[in-house]
Amino acid sequence: MPEQFVLKTAKYGKDKVRLLKVYRTPQKQVAVELTVRLMLEGDIETSYTKADNSVVVTTDTCKNTVYYIAKHSQNVDTPELFAQELTQHMLNHYSHIHVAHAEIIKHKWTRILVDGKPHAHSFVRDGDEVQTVHVTQYRKGDRVECKSGISNLLVLKTTGSAFYGYYKDQFTTLPEVWDRIFSTAVDCTWTYNKHSVAAFRNIDFQRVFDGVKKITLETFATDDSASVQATMYLIQTRILELFPEVEETYYSLPNKHYFGVDMSKLAGGIDNTGKNLDVYQPVSDPSGLITATVSRKPKSRL
């Protein structure tokens with residue numbers, strides 16, 4: 001019987017809306033490529049339970065809205081602000097929509113250097129990492145929640161990493177190492193603690209993004225790493241120390257393994273171990289996966 005069941009959650013919208021926005025001035029042009037997901041919640045349950053389409057703002061409308069806002073926005077290059085413009089538009093225009101979500105992937109385009117100078121209108125994709133943003137805006141309280149991030153930032157260091165002193169039992173076969181290759185693909189997010197629209201739109205998002213990436217790369221490079229866990233935690237605490245507008249950080253660091261090739265049976269025996277180890281084989285899986293969320297301690301109410 002239908003009355004025995006309840007629709008607990010419902011959300012819909014348009015996914016994989018791709019766009020390229022070009023800002024043109026006489027001096028230079030800016031190219032911004034995004035992939036957008038726009039999702040809606042609200043008084044839409046009858047479209048599920050009663051086949052009532054009158055409450056449905058179509059997913060095609062969501063797609064068209066993305067392009068409309070992109071046409072008029074000066075903030076497409078700052079995905080946090082552009083995402084909030086999308087969510088604000090949906091709440092303003094549709095009174096039965098109470099929550100709007102905008103998730104954005106910003107794809108990388110870097111200016112080509114010509115004679116050592118950035119070209120005015122030519123670009124190259126010089127890495128696989130992307131910038132990510134997830135903005136949720138609630139009609140109740142006009143509250144904004146934002147989580148920004150970096151995904152697939154591939155890094156490698158050839159020394160300055162060790163792993164020893166770990167728990168051992170009858171199932172442990174991993175040998176201790178005092179010097180090893182450390183490589184990972186960084187996936188990280190940081191959550192802002194500014195929730196009013198006015199405070200949110202005053203955040204210097206580019207400064208935070210540049211700072212998080214700089215801390216991540218410099219700490220990875222310079223830390224005499226005792227483990228992935230220790231290096232990860234150091235990165236996260238440094239971010240929270242530098243940026244008071246960030247409430248918490250999440251990092252996911254999968255091991256990208258490089259194992260020494262056994263060459264002892266080649267050409268009468270070649271030593272490719274210890275100080276002579278310089279030929280490695282990349283191994284994709286299985287791989288370790290290390291994650292952590294680091295946040296500020298709750299403020300005392302006393």
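The values are calculated or read from the model by the stated rules, or taken from the named source; none is laboratory data. Note that this is a predicted model, so its numbers are computed, not measured. All Cβ positions, glycine included, derive from the backbone under ideal geometry; neighbour counts span all protein chains shown. Note: accessible area is taken over every heavy atom of the protein model, side chains too, but ligands, DNA and RNA are not part of it. Shrake-Rupley method; radii C 1.70, N 1.55, O 1.52, S 1.80 Å.
State the percentage of accessible surface on the chain attributable to carbon and sulfur atoms; use a 1.4 Å probe and exclude ligands, DNA and RNA.
The computed percentage sits at 54.
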* Of 162, 120, 83, the one that fluctuates the most in a GNM where the chain has Cα springs shorter than 10 Å -> 120
* Asked: Projected onto the charge dipole of the chain (+1 at Lys/Arg Cβ, -1 at Asp/Glu Cβ, origin at the Cα centre), which of 170, 237, 75 gives the Cα projection farthest towards the positive end?
  -> 75
* Asked: Against the longest principal axis of the chain, how steep is helix 59-72, in degrees 0 to 90 to the nearest 10, with axes from Cα atoms?
  -> 80 degrees
* Point-to-point label distance, residue 47-residue 138, nm (Cα→Cβ direction, 7 Å offset) -> 2.2 nm
* Applying the Karplus parametrisation 6.51 cos²θ - 1.76 cosθ + 1.60 with θ = phi - 60° to the phi angles of the stretch 76-84, what ³J(HN,Hα) value in whole Hz is obtained for each residue in order, glycine and proline being reported as x? -> 4, 6, 10, x, 4, 5, 4, 4, 5
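Express in nm, to one decimal, how much length is gained between residue 247 and residue 68 on full extension, taking 0.36 nm for each residue of separation and deducting their alpha carbon distance.
Details: separation 179, 0.36 × 179 = 64.44 nm, distance 3.23 nm.
Extra length from residue 247 to residue 68 when fully extended: 61.2 nm.
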* Asked: How much area per residue is accessible in the stretch 183-295 when the probe is 1.4 Å and only protein heavy atoms are counted (Å²)?
  -> 55 Å²
* To do: Provide the net charge surrounding residue 271, with neighbours chosen by a C-beta distance below 11 Å and charges set as Lys +1, Arg +1, Asp -1, Glu -1.
  => -1
* Pair-distance profile P(r), taking every C-alpha pair of the stretch 1-140, with 5 angstrom steps and integer % -> 2, 9, 17, 19, 15, 11, 9, 7, 5, 3, 2, 1, 1, 0, 0
* Asked: Can you tell which of 207, 180, 18 shows the greatest fluctuation in a Gaussian network model of the chain with Cα springs below 10 Å?
  -> 207
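Over all alpha-carbon pairs in the stretch 20-59, figure out the percentage whose distance exceeds 15 Å.
61 percent
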* Structure fact -> For residue 168 and residue 233, extending 7 Å from Cα along the Cα-Cβ vector and measuring point to point gives, in nm, a value of 2.3 nm
* Expected 222 nm ellipticity per residue - DSSP helices of 4 or more, -39500 (n - 2.57), all of the chain, to 500 -> -7500 deg cm²/dmol
* Quick one: among 82, 123, 182, which has the greatest mean-square fluctuation in a GNM of the chain with alpha-carbon springs under 10 angstrom? => 123
* Structure fact -> The helix 228-242 Cα axis meets the longest alpha-carbon principal axis of the chain at an angle in degrees, between 0 and 90 and rounded to 10, of 50 degrees
* Accessible area per residue in Å² at 1.4 Å probe, computed on the stretch 1-140 -> 59 Å²
* What does the accessible area of residue 128 come to, in Å² to the nearest 10, when a probe of 1.4 Å is used? -> 120 Å²
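Kindly identify the stretch 62-177 as rounded, prolate or oblate by the Cα gyration tensor criterion: order the square roots of the eigenvalues as a ≥ b ≥ c, call it rounded if a/c is under 1.5, otherwise compare a/b with b/c, prolate if a/b is larger, else oblate.
Working: a/c = 4.19, a/b = 1.49, b/c = 2.81.
Note, shape of the stretch 62-177 comes out oblate.
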* Amide H partners (placed H, <5 Å) of residue 247, local residues excluded -> 191, 192, 193
* Asked: Using alpha-carbon pairs under 8 Å, 6+ residues apart, how would you state the relative contact order of the stretch 1-140 in percent?
  -> 25 percent
* Average projected area of the Cα convex hull of the chain, in nm²? -> 26.1 nm²
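Give the ranking of 145, 3 by solvent-accessible surface, highest area first, calculated with a 1.4 Å probe.
Values: 145 65, 3 130 Å².
Final ranking, largest accessible area leading: 3, 145.
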* To do: Would you compute, for the Cα atoms of the stretch 118-209, the largest minus smallest coordinate along each principal axis and list the three values in descending order, in whole Å?
  => 56, 43, 18
